Amino acid sequence: MSYRLQVNGEPVEVDAPGMRRLLDVLREELGLTGTKEGCGEGECGACSVLLDGAVVDACLVPICQVDGRAVTTVEGLAREGVLNALQAAFLETGGAQCGICTPGMLMAGEAFIASGAAPEEDAIREAIAGNLCRCTGYTKIIDAIALAAERRRVPG
Amino acid sequence: MKRASTRIAPPSRPAERVAPAAPALAARTAFPLRREGPAKLTGEARYADDLVFAGAWYGATIRSDDPHATLIAIDRDPDFDWSRVLIVTADEIPGENVVSLISDDQPVLVPVGGEIRHHAEPVALLAAADRSTLHAAKRRIQLRTERLPAVFDPLASTQQIAHFAIRRGDAEKGLADAELIVEGEYRVGHQEQLYIENQAMIALPRDDGGITVHGSLQCPYYIHKAMKRALNLTDAQAVVIQSETGGGFGGKEEYPSMIALHAALLARKLGKPVRMIYDRHEDISATTKRHPAIVRHRTGVTRDGELVAQEIEVVMDGGAYATLTPVVLSRGTIHAGGPYRCENVTITGRAMATNTPPNGAFRGFGAPQTEFAAEMQVNRIAEALDVSPLELRRRWAYREGDVTPTGQVLRESVAALEVLEAAAETAGFSRKRTDRRRASTSGGTRASGIGLALAWHGAGFTGAGETHLASVASIELTDVGAIRVLTASTEMGQGTKTIFPQLVAAELGIGIDEVEMAPQDTSLVPDSGPTVASRTAMVVGRILIGAARKLRARVEESSGQPFPRSYRDFAKRNGGIRIDERFEPYPGITFDEERYVGDAYPCYGWAAAVAEVEVDLDTGEVAVESVVSADDVGRVIHPVLAEGQVEGGTLQAVGYATMEEIKLADGRYLNDRLATYLIPTALDAPRITSILVEKPFSGSPHGAKGVGELPMDVAAPAVVAAIHDAVGVWIHELPATPERILAALSGASAPDTPGSEPGTRSGARANRAAPARGVDPRPEAPSDPLPLRAPQDKGGDWERDR
Amino acid sequence: MPNAVEPPVASPSSLQDAYALLAKGGYRPIAGGTDLMVQLTGEIGEPPERVLDISRLDRLRGIERNAGWLVIGALTTYTELRRSPLIAELLPALAEAAATIGAAQIQQRGTLGGNIANASPAGDTLPILLATDARIVVGSGRQERTIPATEFWIGYRTTARADDELVLRVEVPLVSDRRVRFRKIGTRRAQAISKVVMALSWSADGRAGAWRNVRLALGSVAERPIRAWETEAILEGARPDEETAERAVAALAAEIHPIDDVRSTAEYRRAVATRVLHRLIREEGSR
């Protein structure tokens, strides 16, 4: 089957079985390997992407359900070689260590920031509770999301 | 002295092509940004599974279903088209059928006629051009076996993997003279490293008849050596290249050798690249875990609280093969007394073989197990003496000049009291403990508590380990005037690629961006030893500083100019030079490996943690609200990275303390997926405050002692002490699950809580893990919402609830 | 790595087309995919032969109030339940339950209909449906029919839904003065499957302070989500005091049959179910 979707703002046509995971389409058909697989069953969140702006696990989404929809992956965050505000905040606070949870963590963070919620610690913890990290103790990830959210609320 | 204001290198921008959004961000950062951070943040970083090799096949491992058996035959379904599948068995291994490590006991593949010693042991290898063929083929292979009696309880095992005894003074006499003897038995279970990137290795045949592997790994030269032996390759024919590595924590210390050999065997026969990428289920089922342990203490004290004697017995469950067990046990044994001065100490440690998957390296390496027991013991003694646990530690903690159980005189860099006071003060330990005592009478459904623990951690390899390793690290001034660092030390998130350039740049007086890191490729970099044991900053960092000093001297002698101004011209004039610097033993450090006497480590790191918890009295659920961890790392090289190590290690310890658990049935792990092996989420994680304390080690020019493992040793006993403070019961076995807490609160002797006979406890555990129909009062009713899987049962979709 | 199996899938956009396909047999519906996609790994359970993607059936969406009923479409996600003003007003316990399921990613995808059809004994919303006398409307090319929640989960992972039927919506009767309490004991604070999950509903009899129309439902304590009939009988007409609590938990301990598994123990589940109920009654009594 052929499916049309938008990936990081670009229209894409994918020829794949309808039950192929969005994760596999991204990694293997489109070469977007920034989205990672940690468990393949929706427990770790390493494959988090935005689907029409909502954070989802790409390992649990069949491509047939993405037809006509917009996907954002980690590759879609930086613009012209410049890190976006959340990526920069991660770099600054030390929110990325081994980096394997980072793409998914960034997508969960983006969804949180886009929700406009106040960047309070408990709310951020809830927003990233579907993303497991084994390196950081989450401390600096929470700092990064709070910093980026704060900067977005108070531009400049 | 607390938190460094040390600045070893000037602020810097990342060297990669993606720059921060605004220059202002970098300017706010006083320390260099993570070198490979931008690549990780944009998705450009290439982990093993992200690498594409044209024509690569997919590999898979056929594993045993038995915990102990003789392999009779590997049967292939004759109705299946095997022409599209490559199979490799043990008889095709060109070299020795051994995964080279400490002992040569573990085969690469169990041969027909050979002995299967654990569930999920590799028996044969398959490869196919596509995954569906591979998947189908896997199901058409049957192992014919004859079961042998299996042992799952280390206390029932008669096969000893390793044994150590440490004696100082006369513990027997000390105990006889003591006014109070406190006894305790403590248990810890398996813990999975749970790096979020699963194990992965890709092997490529080389034109010279050798093999190159790319993979997720900590120790390139371990794999290099294993490949040479099992595949009969020369140094040059075996090439190991680290891809970006998504966490290791010890879990990628030894097992990657096995996977590399498997991928290499397939690639060699196929003549094409083979990808061996584990999924999470295979990774948890088959790879190493932290060693379970049983630790018994008898401690003699006087009524006024002097520590007179310690008698400690450590038993570790090694699993089916030795892997790194002897050194894990060694470290566990040396640390078993805790950081306390005692004249009369006897510690015996033994590791026993069982028919379970081999246990291996995991952050802390034996010390978290024995120090959990030591801290439990000290906290219980404080309770028995009615002394504050802080006060007791103040009295007992090592000071400079004290002597350890191996007879090591702690001549310098002893910060036990500093970390203790820093953690206690920052957390408000004494005040909160007193306040809570007063408030504890009020009724309620939740109780809060605060707990304290102290730990030490020997820095670098044990004993003469570093001398045997004789690591080499190099710095090259290339003929185009670039500075390159060449080491086999791997980056897996802890910051190697950032701190090495930082140390070298500081030594050479140049900007950090002027220093390049050579890739971790055994054809390019020397053997600077494994990336383990918190040794990278301390040991390899020291060698690099030595190399940098030599380089600087050579250039400055020749040019008569300061290095920063002259090195590019020097390179142009004289061509490149490379300094290969070898490890020099620390002066005055000697250890007798036969008698276990002397300087077990060149120096120690020190850590204290204070944990606060809230316990639900109805359900036993524990919320770890906060942990303050104070860690003496000698000298802080990069505070953000060092804090990251403390925070991450602390959370792993909190998981160890509260929820990370593996249950076994017939030698098989039942919690073998991420839906059943649980680590803390962001909502479970406490607020972590890390305090970096600096008590430099004179044996290193930069004073650093390592940071990776310290926090792992100390938070778990602090959490359990806090649970006790909240609810008044001691949980003697990790993890302190709600099940154990509630059982202890009910006064009932739950299967795993203290009180039952030592020899039978593991038996009770095994029973509990077995299919539990017999436990149910109405066994005929299939009443289980989530029934246990029987060993062969792959069915049942009970896992989900969404 | 990609799933072992990628069964053929049909994505009808009308209910009639969906029914026609279901009538052919062999189709397993997929909505949010949070359960079904995991089965395609081949690691747990047999993957389905064919898949019916029902995500385009817009008639299965929406939350509305219809006369005396709260009607929730089967495709309603947990996120939608959490954000719905109607749910917040009429059945806040359901939003509370939705918030305990997985985390953001799962809540965005997982659906109430999926929770119902998947029929896990640990399904977190199911005790609420049982405790509120909800009815589940299923449909096929043959007919639509309405099944009381109490008759829907009939055994271990078995429901009253026929293979050719789809779960269409849930209808919850709106009862004035009804209170619903929900409590989940999970293995951790997010991404957790329940060890015990409980919903208790009642109407307060204003004058006497006694409870009427008491419903108590639990998950993870039996092979399916259950009503605790005997415990309800004790609570019915009683006042939420210490003595009632004692009698109720004694009854509850006798009528649930949890066992040991990889997540918890029978002993713990029984103890916690009773303690949680005891606390709920105490809390309500002290209001």
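The values are calculated or read from the model by the stated rules, or taken from the named source; none is laboratory data. Given the structure is predicted, the values throughout are model-derived calculations rather than measurements. Counting neighbours? That spans all protein chains shown, and the Cβs are built from the backbone with ideal geometry, glycine included.
Each residue in region A:78-105 was checked for being crowded, with 24+ Cβ neighbours inside 10 Å, within 7 Å of another protein chain (Cβ to nearest Cβ) and of a type in the set (A, V, I, L, M), and 5 of them qualify.
Pick out, from region B:458-553, the strands (runs of 3 or more DSSP E) lying fully within it that include 3 or more residues that are crowded, with 24+ Cβ neighbours inside 10 Å. Ranges flagged: B:472-477. Of everything in region B:246-300 that is part of a loop (DSSP other than H, G, I, E, B) and among the hydroxyl-bearing types (Ser, Thr, Tyr), the residue that is nearest to the chain's Cα centre (by Cα) is B:Thr288.
Scoring B:Leu180 on the criteria (1) surrounded by fewer than 18 Cβ atoms within 10 Å (Cβ to Cβ); (2) closer than 30 Å to B:Ala653 by Cα leaves a single failure, condition (2). Of all residues in region C:28-42, those satisfying the criterion of being out of contact with any helix residue (DSSP H, G or I) (no Cβ under 6 Å at 6 or more places or on another chain) and more than 7 Å from chain A (Cβ to nearest Cβ) are C:Arg28, C:Pro29, C:Leu36, C:Gln39, C:Gly42. Of the set (1) within 28 Å of the chain's Cα centre (by Cα); (2) outside the structural domain of B:Ala608 (by TED's automatic domain parsing), all apply to B:Ala382 but (1). Considering only residues that are within 14 Å of chain A (Cβ to nearest Cβ) and surrounded by fewer than 19 Cβ atoms within 10 Å (Cβ to Cβ), which ones fall in region C:8-20? Answer for region C:8-20, where residues must be within 14 Å of chain A (Cβ to nearest Cβ) and surrounded by fewer than 19 Cβ atoms within 10 Å (Cβ to Cβ): C:Pro8, C:Ala10, C:Pro12, C:Ser13. For region B:668-688, residues that are facing chain A (nearest Cβ under 7 Å), hydrophobic (A, V, I, L, M, F, W, C) and either without any contact (Cβ under 8 Å) to a residue 24 or more places away in the chain or in contact with a Pro (Cβ under 7 Å, 6 or more places away or on another chain) (or both) total 2. If you go through region C:43-61 and keep only what is modelled with pLDDT of 95 or more and in contact with a helix residue (DSSP H, G or I) (Cβ under 9 Å, 6 or more places away or on another chain), you end up with C:Arg50, C:Val51, C:Leu52, C:Asp53, C:Ile54, C:Ser55, C:Arg56, C:Leu57, C:Arg59, C:Leu60, C:Arg61.
Every test in (1) surrounded by 24 or more Cβ atoms within 10 Å (Cβ to Cβ); (2) facing chain A (nearest Cβ under 9 Å); (3) outside any helix (DSSP H, G or I) is passed by C:Ile101 save one, and that test is (2). Those residues that are assigned to a strand (DSSP E or B), within 14 Å of chain A (Cβ to nearest Cβ) and among the β-branched types (Val, Ile, Thr), I need them from region B:609-650; list them, please. Across region B:609-650, the qualifying residues are B:Val624, B:Val627, B:Val628. If the condition is being out of contact with any strand residue (DSSP E or B) (no Cβ under 6 Å at 6 or more places or on another chain) and in a helix (DSSP H, G or I), then region B:85-133 contributes B:Ala90, B:Asp91, B:Glu92, B:Ser132, B:Thr133.
For region C:136-148, a tally of residues being under 26 Å from C:Ile193 (Cβ atoms) and either buried (at least 24 other Cβ atoms within 10 Å of the Cβ) or in contact (Cβ under 8 Å) with a residue 24 or more places away in the chain (or both) returns 2. Out of all the residues in region B:723-762, which are closer than 22 Å to B:Ala367 by Cα, in contact with an Asp or Glu (Cβ under 6 Å, 6 or more places away or on another chain) and at pLDDT 95 or above? Listed by number, the residues that qualify are B:Glu733, B:Pro735. Scanning region C:73-84 turns up one or more residues that are within 19 Å of A:Gly68 (Cβ to Cβ) and of a type outside the set (Ser, Thr, Tyr).
Residue by residue, here is whether (1) at pLDDT 95 or above; (2) in contact with a Leu (Cβ under 7 Å, 6 or more places away or on another chain); (3) of a type in the set (Phe, Trp, Tyr) holds:
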position: B:Thr496; (1), (2), (3): yes, no, no
position: B:Ile512; (1), (2), (3): yes, no, no
position: B:Val525; (1), (2), (3): yes, yes, no
position: B:Arg542; (1), (2), (3): yes, no, no
position: B:Arg595; (1), (2), (3): no, no, no
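When each of C:Arg135, C:Arg83, C:Arg65 is tested for being among the basic types (Lys, Arg), in contact with a Phe, Trp or Tyr (Cβ under 9 Å, 6 or more places away or on another chain) and not assigned by TED's automatic domain parsing to the domain that holds C:Val221, the lone residue that passes is C:Arg135.
With respect to C:Thr158, is the statement that it is surrounded by fewer than 22 Cβ atoms within 10 Å (Cβ to Cβ) and of a type in the set (Val, Ile, Thr) true? Here the answer is yes, as C:Thr158 does meet what is asked. Kindly indicate whether any position in region A:63-76 is on the phi < 0 side of the Ramachandran plot, modelled with pLDDT under 95, within 14 Å of chain B (Cβ to nearest Cβ) and surrounded by fewer than 24 Cβ atoms within 10 Å (Cβ to Cβ). Looking for residues that are on the phi < 0 side of the Ramachandran plot, modelled with pLDDT under 95, within 14 Å of chain B (Cβ to nearest Cβ) and surrounded by fewer than 24 Cβ atoms within 10 Å (Cβ to Cβ), one finds none in region A:63-76, hence no. Has region B:334-345 got at least one residue that is in contact (Cβ under 8 Å) with a residue 12 or more places away in the chain and assigned to a helix (DSSP H, G or I)? Yes, region B:334-345 contains a residue that is in contact (Cβ under 8 Å) with a residue 12 or more places away in the chain and assigned to a helix (DSSP H, G or I).
Restricting A:Val66, A:Val71 to those that are within 27 Å of A:Tyr3 (Cα to Cα), under 15 Å from the mean Cα position of the chain (by Cα) and assigned by TED's automatic domain parsing to the domain that holds A:Glu10 reduces the list to A:Val71. What do you reckon, is C:Glu230 away from every other protein chain (no Cβ under 11 Å), acidic (Asp, Glu) and under 17 Å from B:Leu617 (Cβ atoms)? No: the conditions fail for C:Glu230. Of the residues in region C:79-98, not one is in contact with a Ser or Thr (Cβ under 6 Å, 6 or more places away or on another chain) and not small (Gly, Ala, Ser). Quick one: how many residues across region A:106-134 are among the aliphatic types (A, V, I, L, M) and at the interface with another protein chain (Cβ under 8 Å from one of its Cβ atoms)? Here the count works out to 8. For region C:123-132, the criterion of being of a type in the set (Ser, Thr, Tyr) and either at positive phi or within 13 Å of chain A (Cβ to nearest Cβ) (or both) is met by no residue.
If you scan region B:592-646, which residues turn out to be among the small types (Gly, Ala, Ser) and over 19 Å from A:Arg134 (Cα atoms)? Result: B:Gly598, B:Ala600, B:Gly605, B:Ala607, B:Ala608, B:Ala609, B:Ala611, B:Gly620, B:Ala630, B:Gly634. Taking region A:1-57 and the strands (runs of 3 or more DSSP E) fully enclosed by it, no element has 1 or more residues that are within 13 Å of chain B (Cβ to nearest Cβ), closer than 16 Å to B:Asn198 by Cα and under 17 Å from the mean Cα position of the chain (by Cα). In the set (1) crowded, with 16+ Cβ neighbours inside 10 Å; (2) within 28 Å of the chain's Cα centre (by Cα), the condition left unmet by B:Glu412 is number (1).
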